[in-house]
Amino acid sequence: MPAIGFGTPGAGGTAASVDADITLTVDGEQQRLTVDTRTTLLDTLRERLGNASPKKGCDHGQCGACTVLLDGDRALSCLALAVAHDGAEITTADGLAAGGELHPVQQAFLDRDAFQCGYCTPGQICSAVGVLDEVRRGWPSHASEDLTADPELTHDEVAERMSGNLCRCGAYANIVPAVQQAGGMA
Amino acid sequence: MKPFAFARPADVAEAVRTVAAEPDAVFLGGGTNLVDLLKLGVARPDRVVDVRRLTSREITDTADGGLRIGAAVTNSELAADRRVRERYPVLAQALLAGATGQLRNLATVGGNPLQRTRCVYFTDVSTPCNKREPGTGCSAVGGYTRYHAVLGVDAALPDASAPKTCIATHPSDMAVALAVLDAQVQVLGPGGARTMPFGELHRLPGDDPTRDTVLEHGELITAVDLPPLPAGARSAYRKVRDRASYAFALVSVAAVVADGEVRLALGGVAHKPWRATRAEEVLAGGPVTEHAVRHAMDVELTAAQPQPGIDGGNGFKIPLVTRTVVATVRDLTSEVPA
Ligand SMILES: Cc1cc2nc3c(=O)[nH]c(=O)nc-3n(C[C@H](O)[C@H](O)[C@H](O)COP(=O)(O)OP(=O)(O)OC[C@H]3O[C@@H](n4cnc5c(N)ncnc54)[C@H](O)[C@@H]3O)c2cc1C
Ligand code: SF4
Ligand code: FES
Ligand code: FES
């Protein structure tokens, strides 16, 4: 990574906004754009790239509606500065169905009726994709009784791992089985 | 949000020089705390210096049988590391009890111990707060104190209008585990590199509540070292919170039990991760019975100062932290190790 710098504040600080040139790969498409250094990934996706699948629930890391896959791992796009993730590969819930075929997690959410209003759903789905990958890699959770054993997709494991995605409609009772189904457990 | 310049220098030395040269420059790790505070107007830097891709993202074995953890290692990666899960369960458990998967994937080992307090007045720029605006007073005194300190505060009830008062707690779970593990912090500053015991990183508010740690402006955490635990040592982290998941600690306990030694660190009770050295001294060499642990905690908590508050205050933390210590130590001493 070459060194980069945008803006040169003087003694009194920067009065005007500072622009930064970045490149992101979003749902498989490379995007070059100029963003204010203050722009989050969430606002870049929604306001600049017109991808409204990540939602702005709280904008403070407290709800999970903005969850995307960032370089393969689930992450909150509302607390990530776009300029700090220059070069990143991002997959949104929209991009999971590339080619028109639903991702197994998306299909499981339909099969299990795992949403009502749907506002939290894109974040839930990206988070679930991340959870299944973390379980495959053998990552433990707070619900794992044995930290050194390979985790299983029990109800408690799924509920704990998905706790960062709030659902105001309370569809949790169907979200847990959907994640288990997508993980081949039910 | 105030505009800011952004830099990602070529290496850590240049990052340190850049921040040291400007009073209002800050480092950026995963951003999960700093970006929130930028939005709230609590952090108002002129320049943000991204160090996430400059510090090490590796966990390596050290010659003494411990581990060195690079500052850019994420909280998720650290909790998932086999060596950490097997040798330092207290650390894996503390990490997994903190925040959520989406946050832990961003949060770094350098940024986590330096996250700011979750005091609701600190994050609300419309209220007086000595930590955010020196000399304005402390809105927490007599306000919402459920998440505030009982240890390390003056024996007299704090004065809300006094310019140095602060009863905030440090919110990190990981930091409580690092305190009990006698970790060492590797720091690079404008004057060179230094190593300090993790237990000396954080400070009490004292005469300057704006400072959470002893780090000078421009000092960068580059790594955290874990010494090996004594042979046969067992360790655990226990966190009590208002929800089963995705909530900060009301109180938490990190414990290490080894032959003739009990080490205890407490979270959610003070401005810093609180190493319970008085209780440790009482327990040293003696039998680790429930009675002994209760007595040791009574000694530790003699100077505790519960805070009244409009939410009922935080006096509940005093019996709660003792019960949590008793339960944690009981689990560590009663189970047959696998
Ligand atoms: C909703 C929510 C719930 C949470 N729950 C918990 C919880 O239960 N338990 C818990 O422990 N935490 C919790 N967190 C906090 C989270 O763990 C921290 O925000 C995170 O660990 C900070 O790491 P970071 O790398 O993102 O830091 P950043 O936000 O990048 O930085 C934090 C601070 O450290 C400085 N900094 C960063 N890296 C370095 C470095 N290498 N050297 C020197 N200074 C540096 C920055 O300038 C900044 O001041 C929660 C956060 C949110 C938003
Ligand atoms: S407790 Fe500390 S952080 Fe909270 S309002 Fe008082 S001075 Fe500010
Ligand atoms: S919008 Fe990001 S967590 Fe709520
Ligand atoms: S389906 Fe409505 S918020 Fe989750």
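Summary of values
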{"read-out": "Total residues in the stretch B:20-36, condition assigned to a loop (DSSP other than H, G, I, E, B) and either more than 24 Å from the chain's Cα centre (by Cα) or modelled with pLDDT under 95 (or both)", "value": "2"}
{"read-out": "Filter pass, B:V42 being in contact with a Phe, Trp or Tyr (Cβ under 9 Å, 6 or more places away or on another chain), farther than 24 Å from B:P190 by Cα and either part of a strand (DSSP E or B) or not aromatic (F, W, Y) (or both)", "value": "yes"}
{"read-out": "Qualifying positions in the stretch A:126-164 - in contact with a strand residue (DSSP E or B) (Cβ under 8 Å, 6 or more places away or on another chain), more than 18 Å from B:N75 (Cβ to Cβ) and within 16 Å of ligand 3 (Cβ to nearest atom)", "value": "A:C126"}
{"read-out": "Which listed residue, of A:F109, A:F115, is within 23 Å of A:V176 (Cβ to Cβ), assigned by TED's automatic domain parsing to the domain that holds A:A173 and part of a helix (DSSP H, G or I)", "value": "A:F109"}
{"read-out": "Qualifying positions in the stretch A:129-186 - among the hydroxyl-bearing types (S, T, Y) and surrounded by fewer than 19 Cβ atoms within 10 Å (Cβ to Cβ)", "value": "A:T148, A:T154, A:Y172"}
{"read-out": "B:A79 being surrounded by 20 or more Cβ atoms within 10 Å (Cβ to Cβ), assigned to a helix (DSSP H, G or I), modelled with pLDDT of 95 or more and more than 9 Å from chain A (Cβ to nearest Cβ)", "value": "no"}
{"read-out": "Residue in the stretch A:49-67 that is closer than 18 Å to A:A128 by Cα, of a type outside the set (K, R), in contact with a Pro (Cβ under 8 Å, 6 or more places away or on another chain) and facing chain B (nearest Cβ under 10 Å) present", "value": "yes"}
{"read-out": "Any hit, the stretch A:91-102, residues being touching an Asp or Glu at 6+ places or on another chain (Cβ under 8 Å), assigned to a strand (DSSP E or B) and more than 16 Å from ligand 4 (Cβ to nearest atom)", "value": "yes"}
{"read-out": "Some residue of the stretch B:159-178 being touching a residue at least 40 places away in the same chain (Cβ under 8 Å), hydrophobic (A, V, I, L, M, F, W, C) and over 25 Å from B:A265 (Cβ atoms)", "value": "no"}
{"read-out": "Any hit, the stretch B:97-110, residues being within 16 Å of ligand 3 (Cβ to nearest atom) and at positive phi", "value": "yes"}
{"read-out": "Single residue of B:R85, B:R17 found to be part of a helix (DSSP H, G or I), in contact with a Leu (Cβ under 6 Å, 6 or more places away or on another chain) and either more than 30 Å from A:G123 (Cβ to Cβ) or not hydrophobic (A, V, I, L, M, F, W, C) (or both)", "value": "B:R85"}
{"read-out": "Candidate set from the stretch A:136-171 (those that are away from every other protein chain (no Cβ under 12 Å) and within 16 Å of ligand 4 (Cβ to nearest atom)); member that is nearest to B:A97 (Cα to Cα)", "value": "A:C167"}
{"read-out": "Selection status of A:A93, buried (at least 22 other Cβ atoms within 10 Å of the Cβ) and farther than 26 Å from A:T34 by Cα", "value": "no"}
{"read-out": "Unique residue being more than 16 Å from ligand 2 (Cβ to nearest atom) and without any contact (Cβ under 8 Å) to a residue 40 or more places away in the chain when the list is A:G87, A:G99", "value": "A:G99"}
{"read-out": "Of residues in the stretch A:118-135 being within 16 Å of ligand 1 (Cβ to nearest atom) and outside any loop (DSSP other than H, G, I, E, B), the one nearest to the other protein chains (Cβ to nearest Cβ)", "value": "A:S127"}
{"read-out": "In the stretch B:123-150, the residues that are within 15 Å of ligand 1 (Cβ to nearest atom) and within 14 Å of chain A (Cβ to nearest Cβ)", "value": "B:T123"}
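Residue-by-condition table, conditions (1) farther than 16 Å from B:Q115 by Cα; (2) surrounded by fewer than 20 Cβ atoms within 10 Å (Cβ to Cβ); (3) more than 7 Å from every other protein chain (Cβ to nearest Cβ):
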{"residue": "B:A5", "(1), (2), (3)": "yes, no, no"}
{"residue": "B:P9", "(1), (2), (3)": "yes, yes, no"}
{"residue": "B:V12", "(1), (2), (3)": "yes, yes, yes"}
{"residue": "B:R17", "(1), (2), (3)": "yes, yes, yes"}
{"residue": "B:P23", "(1), (2), (3)": "yes, yes, yes"}
{"residue": "B:F27", "(1), (2), (3)": "no, no, yes"}
{"residue": "B:N33", "(1), (2), (3)": "no, no, yes"}
{"residue": "B:R47", "(1), (2), (3)": "yes, no, no"}
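The values are calculated or read from the model by the stated rules, or taken from the named source; none is laboratory data. Please read all numbers here as calculations on a predicted model, not as lab measurements. Glycine gets a Cβ as well: all are built from the backbone with ideal geometry, and neighbour counts include every protein chain shown.
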